[in-house]
C-alpha cells in the first residue's frame, strides 16, 4: 500500500510560470533523490481563475513522505508559496496500484 498526498494551490495567472518552475524543480528533485517517492505529478486546471494547481504525490509509505518534508528542495519550493494561496492537502492510502 502506498501513501498519496494531494496538495492544492490557487495561483494568479501572473504568477503561474514562476510557480510552475518551482513546482517542477520540487517534483524532479523528489523523484531523482528520494527513493521513497514513486510519483510526483503537477496538474493544472487553467479553466479556473485563479488557476488551480494540484500535486499528485505517491510515496512508498508515510515515513517516505515524512522524509520528503525535511528536504532542501521542498524548503526551496516553500520559499515560493508567496506566489499562490494554499488550498487543502488531502492524504490517502493507495490500495490499488
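The values are calculated or read from the model by the stated rules, or taken from the named source; none is laboratory data. Only a predicted model underlies this, so the values are computations on that prediction, with no experimental measurement involved. Heads up, the Cβs are rebuilt from the backbone with ideal geometry, glycines too, and the neighbour counts pull from every protein chain shown.
Against the conditions (1) modelled with pLDDT under 95; (2) surrounded by fewer than 12 Cβ atoms within 10 Å (Cβ to Cβ); (3) in contact with a strand residue (DSSP E or B) (Cβ under 9 Å, 6 or more places away or on another chain), residue 96 satisfies every one except (3). Criterion applied to 35, 50 was being more than 13 Å from the chain's Cα centre (by Cα) and within 15 Å of residue 17 (Cα to Cα), and the one residue passing it is 50.
Here's the yes/no breakdown for (1) under 11 Å from the mean Cα position of the chain (by Cα); (2) crowded, with 16+ Cβ neighbours inside 10 Å; (3) not in a strand (DSSP E or B):
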| site | (1), (2), (3) |
| --- | --- |
| 3 | no, yes, no |
| 16 | no, yes, yes |
| 21 | no, no, yes |
| 28 | yes, no, yes |
| 58 | yes, yes, no |
| 66 | no, no, yes |
| 70 | no, no, yes |
| 77 | yes, yes, yes |
| 92 | no, no, no |
